[in-house]
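For reference, the structure is listed below as structure tokens.
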Amino acid sequence: MLISVHVALLSGQSASITTWDESPVEALRQTAQKELGVGIIRLISELGAVLQGTSTLRQAGLTHGATVGAIVRHAEVVSTIGAFALLCEDGTVVTWGDADFGADSTEVQEQLKDVQQICGSDGAFAALLADGFVVTWGDEDFGGNSSAVQDQLVNVLELQAFGVAFAATLADGTTVCWGSQSIQTKLQDARRISASNGACAIIKDDGSVVAWGHAEYGADTSRVSDQLRDVQHIQATWTGAFSAIRSDGTVVTSRF
């Protein structure tokens, strides 16, 4: 059935798009990009839920006259130790710097289209595409080669980078890691991951928190370890402050 869906930006600009209710959300996003003339990362329902690109409009609960919000992509620069990557507003990526640290993206450049997110470890880059797949390049010791887990990197929602590894959060809530084997071992039971400039903290399946890295960047949890139980969410600042939200709604915050 043909339906009309309104796609709105925070600026107030909007477009009314007529399409079939069996069309995928991804097709709606691409059409909205053309109509509005901006790069769109994700579409959000009126209830605030992220609409999965592989779902049909009907499966996403969109009916005639529905309005969805659009998150616009802005230019962003990320870096490794010796290279830079620019995510352009059109979803392409430009790299420069030392080839040993990820500056040479020649082999994957054809894949770097409609990129939604990019992040860098110490020596490699990872890019999240609009279709939920991931492209990596750079030094494989720093996560530049994701071939061992490529079949698992499907419907990825978010990427995070660590010094020598990457982690991807999937739509089903699971986490896939690659890069340094020692880091992969630490992250394998992670339900949620967050990292500062020099430390990493994970929520394990039992709700406990494990952190490692440099103490001055938040790796030392000893002062609050007895409070880090039944944790549901954790977030770090780049400078090393961590906040954890427990299931009862209380917040534990500290430079762990």
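The values are calculated or read from the model by the stated rules, or taken from the named source; none is laboratory data. A quick note: this is a predicted structure, and the numbers were derived from the prediction, not measured. Here Cβ is always computed from backbone atoms with ideal geometry, including for glycine, and neighbour counts include all displayed protein chains.
So for segment 162-169 (the condition being surrounded by fewer than 21 Cβ atoms within 10 Å (Cβ to Cβ) and closer than 23 Å to R42 by Cβ), does at least one residue qualify?
yes
Those residues that are farther than 11 Å from A83 by Cβ and without any contact (Cβ under 8 Å) to a residue 60 or more places away in the chain, I need them from segment 122-143; list them, please.
A126, A127, L128, L129, F133, V134, V135, T136, E140, D141, G143, listed by residue number.
In segment 134-143, how many are among the charged types (D, E, K, R) and in a loop (DSSP other than H, G, I, E, B)?
Final tally of qualifying residues: 1.
Considering only residues that are of a type in the set (A, V, I, L, M, F, W, C) and under 20 Å from S194 (Cα atoms), which ones fall in segment 120-161?
Correct list: A124, F125, A126, A127, L128, V134, F142, L153, V156, L157, L159, A161.
Of all the strands (runs of 3 or more DSSP E) wholly in segment 1-101, which have at least 1 residues that are farther than 30 Å from N145 by Cβ and touching a Leu at 6+ places or on another chain (Cβ under 8 Å)?
On the way: elements: 2-8, 14-20, 40-44, 67-72, 76-79, 83-87, 93-97.
Those strands (runs of 3 or more DSSP E) span 2-8, 14-20, 40-44, 67-72.
Residue by residue, here is whether (1) touching a helix residue (DSSP H, G or I) at 6+ places or on another chain (Cβ under 6 Å); (2) under 26 Å from V251 (Cβ atoms); (3) not in a loop (DSSP other than H, G, I, E, B) holds:
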{"site": "E107", "(1), (2), (3)": "no, no, yes"}
{"site": "K113", "(1), (2), (3)": "no, no, no"}
{"site": "Q117", "(1), (2), (3)": "no, no, yes"}
{"site": "D122", "(1), (2), (3)": "yes, no, no"}
{"site": "A126", "(1), (2), (3)": "no, no, yes"}
{"site": "G132", "(1), (2), (3)": "no, no, no"}
{"site": "A148", "(1), (2), (3)": "no, no, yes"}
{"site": "L159", "(1), (2), (3)": "no, yes, yes"}
{"site": "F166", "(1), (2), (3)": "no, no, yes"}
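Please specify each residue of segment 200-218 satisfying the condition of being touching an Asp or Glu at 6+ places or on another chain (Cβ under 6 Å) and at pLDDT 85 or above.
Start the filter on segment 200-218 by keeping residues that are touching an Asp or Glu at 6+ places or on another chain (Cβ under 6 Å), which leaves 204-205, 207.
G207 - this is the single residue of segment 200-218 that is touching an Asp or Glu at 6+ places or on another chain (Cβ under 6 Å) and at pLDDT 85 or above.
Do the conditions hold for D104, that is, is it in contact (Cβ under 8 Å) with a residue 40 or more places away in the chain and acidic (D, E)?
Taking the combined requirement at face value, the residue does not satisfy it.
Residue by residue through segment 80-134, note down the ones that are surrounded by fewer than 19 Cβ atoms within 10 Å (Cβ to Cβ), touching a Lys or Arg at 6+ places or on another chain (Cβ under 8 Å) and polar (S, T, N, Q).
Of everything in segment 80-134, just one residue is surrounded by fewer than 19 Cβ atoms within 10 Å (Cβ to Cβ), touching a Lys or Arg at 6+ places or on another chain (Cβ under 8 Å) and polar (S, T, N, Q), namely T92.
Quick one: is E158 modelled with pLDDT under 80 and either touching a Leu at 6+ places or on another chain (Cβ under 6 Å) or surrounded by fewer than 18 Cβ atoms within 10 Å (Cβ to Cβ) (or both)?
Values: modelled with pLDDT under 80: no; either touching a Leu at 6+ places or on another chain (Cβ under 6 Å) or surrounded by fewer than 18 Cβ atoms within 10 Å (Cβ to Cβ) (or both): yes.
No.
Give segment 34-47 a look and list any residue that's crowded, with 16+ Cβ neighbours inside 10 Å, more than 20 Å from R58 (Cα to Cα) and out of contact with any Gly (no Cβ under 6 Å at 6 or more places or on another chain), or say none.
Within segment 34-47, L36, V38, I40, I41 meet the criteria.
Name the residues in segment 48-59 that are within 21 Å of the chain's Cα centre (by Cα) and either surrounded by 15 or more Cβ atoms within 10 Å (Cβ to Cβ) or within 20 Å of D114 (Cα to Cα) (or both), would you?
Once the filter is applied, which keeps residues that are within 21 Å of the chain's Cα centre (by Cα) and either surrounded by 15 or more Cβ atoms within 10 Å (Cβ to Cβ) or within 20 Å of D114 (Cα to Cα) (or both), segment 48-59 yields V50, L51, Q52, G53, T54, S55.
Return yes when A83 is assigned by TED's automatic domain parsing to the domain that holds S121 and in contact with an Asp or Glu (Cβ under 9 Å, 6 or more places away or on another chain) and no when it is not.
So A83 fits the description; yes.
Among the residues of segment 221-244, is there at least one that is in contact with a helix residue (DSSP H, G or I) (Cβ under 9 Å, 6 or more places away or on another chain), of a type in the set (V, I, T), closer than 18 Å to S146 by Cα and loosely packed, with under 15 Cβ neighbours inside 10 Å?
No, every residue in segment 221-244 fails to be in contact with a helix residue (DSSP H, G or I) (Cβ under 9 Å, 6 or more places away or on another chain), of a type in the set (V, I, T), closer than 18 Å to S146 by Cα and loosely packed, with under 15 Cβ neighbours inside 10 Å.
For segment 230-245, does any single residue satisfy the condition of being touching a Leu at 6+ places or on another chain (Cβ under 7 Å), over 12 Å from S194 (Cβ atoms) and outside the structural domain of G120 (by TED's automatic domain parsing)? Reasoning before the result, please.
Step one: of segment 230-245, the residues touching a Leu at 6+ places or on another chain (Cβ under 7 Å) are 244.
Now restrict to residues that are over 12 Å from S194 (Cβ atoms): none.
No.
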